[in-house]
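Undergrad: Before anything else, here's the structure in question.
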Amino acid sequence: MLPNPYTPSDRPRVFIGRDQERTVLRDKLARVAAYGEMMGPLTVVTGPRGVGKTSLLRDVAGQAEEDGFVVAWVSCVKQQPFLGEIVDRVERSLERAQVTAPGGRRLKEITVELSAGFAKVRARLESSAVAQSTALVGPLEDLLARAGQLVRERGGAGLVVMIDELHAPLESGREWEYAPDRQALLHGAVLLNALQNLGGVRDGIPVGVIGAGLPQTKGLLTRAATFGERSHELVLGEFGRADAARLLEAPATELGVSWSPDALTSVVDTARGYPQSLQILGAATWEAARPERGSVLDLAAVEAGSRSARTALASIFEARWAVATASERSFLQAMATVGRAVVRRGEIAERLNTSTESLSMVRRNLITKGIIEEAGYGRLRFTIPGFETFVLDQESIREDPT
């Protein structure tokens, strides 16, 4: 049996689509490489879970390394400060790339200064407002600028910092009001201020910072610092039919396996452009068929793998359902009964016999949890295709527990 080339919930073996976004990000880094200057404001790739944000960043990071950049990869944690992780990852990336003296001692001095600053800020936050604690901006500027310059001095292109899950540290700890971790909020403000200041200088600072997060990321950044609204946002959505088909065909083709037209159409229709669903359905079909080189994945294989695929998809749906409160579940069920991909808020309120204003907090919490998203003014949709059917099934189970 050939190895399964599909990778649900993991980086794809063959990167497909996102051509426009890849071009934008690569062009930004090409400017850094060509002129040795700051990339510009923070660039953030946003979209719902499972749409391929991390995969895009990994693809761009791989190309950046080939182009001579040192890449520091940071993964943020919910409601936790993250500047310390940036410092650590920059240092580790330089060490792996063997970028040291000249200037290495100064870089260590800067990181020590930052570490001391973290301790001071932590103590100060116990009794002071976030706005009063900005002593970390200068050291972070120095760290990023000097790290990029060190890479350049050793013949490289510069430094790229990739920050995944950027929304996580800035999220609220309460559902009824915005109450983030104060130190994490401070770190968001420090990062934005440092990038703003470095962009003002620009020349001789070969550094780029690219983040990824859920759709609310830019709004959360703006809460940390008002000019967070200047961040450049790239929004990812579902694949079109052509890219969805390519996502299925390309990994199989590399192993000498093809898809029949009707099987391909069936999977593309079922997944409705959602990358994670495409990977799940592709993996289930492959496991059911157990193809050899020269085999064709047909409709029978799709149907044979459908039970396994449904189980995998249900686990995703159940995870989202589990984090919804009783009022949020009622909202979701009302939304699902409309029977359309895009639902007006007024239709939900009508089914719940209430006003749209009274539902605003529930709506906001569901958006924050990544279960629904805005689809135009006054309109909403589920972030993962097929979730509406799962929601309706939960209502049926409740009504008929036998």
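Undergrad: Residues to consider are 70, 60, 74, 32; find the one that is within 13 Å of the chain's Cα centre (by Cα), assigned by TED's automatic domain parsing to the domain that holds residue 170 and not basic (Lys, Arg).
TA: Just one listed residue meets the conditions, 74.
Undergrad: Let me ask you something else. Before we move on, is residue 219 surrounded by fewer than 23 Cβ atoms within 10 Å (Cβ to Cβ) and over 27 Å from residue 55 (Cα atoms)?
TA: Numbers: surrounded by fewer than 23 Cβ atoms within 10 Å (Cβ to Cβ): yes; over 27 Å from residue 55 (Cα atoms): no.
So residue 219 fails the test.
Undergrad: What helices (runs of 4 or more DSSP H) lie completely within the stretch 101-213 and have 3 or more residues being at pLDDT 90 or above and either out of contact with any Ser or Thr (no Cβ under 7 Å at 6 or more places or on another chain) or over 30 Å from residue 11 (Cβ atoms) (or both)?
TA: Numbers: elements: 104-125, 137-153, 182-201.
Ranges flagged: 137-153, 182-201.
Undergrad: Any chance you could count how many residues in the stretch 230-249 are within 19 Å of residue 299 (Cβ to Cβ) and surrounded by fewer than 16 Cβ atoms within 10 Å (Cβ to Cβ)? Quick ask: steps written out before the conclusion?
TA: The first filter runs over the stretch 230-249 and keeps only residues within 19 Å of residue 299 (Cβ to Cβ), leaving 241, 244-245, 247-249.
Now restrict to residues that are surrounded by fewer than 16 Cβ atoms within 10 Å (Cβ to Cβ): 241.
Residues flagged as within 19 Å of residue 299 (Cβ to Cβ) and surrounded by fewer than 16 Cβ atoms within 10 Å (Cβ to Cβ) within the stretch 230-249 amount to 1.
Undergrad: Which of the helices (runs of 4 or more DSSP H) found entirely inside the stretch 250-359 contain at least 3 residues meeting this: of a type in the set (Lys, Arg) and either free of Cβ contacts under 8 Å to residues at least 24 places away in the same chain or crowded, with 21+ Cβ neighbours inside 10 Å (or both)?
TA: Here the list reads 306-322.
Undergrad: Working carefully through the options 93, 9, 55, find the one that is among the polar types (S, T, N, Q), under 30 Å from residue 301 (Cα atoms), assigned by TED's automatic domain parsing to the domain that holds residue 211 and modelled with pLDDT under 95.
TA: On inspection, the qualifying residue turns out to be 55.
The values are calculated or read from the model by the stated rules, or taken from the named source; none is laboratory data. Just so it is clear, the model here is predicted, and its values are computed rather than measured. Positions of Cβ are backbone-derived with ideal geometry, glycine not excepted, and every protein chain shown enters the neighbour counts.
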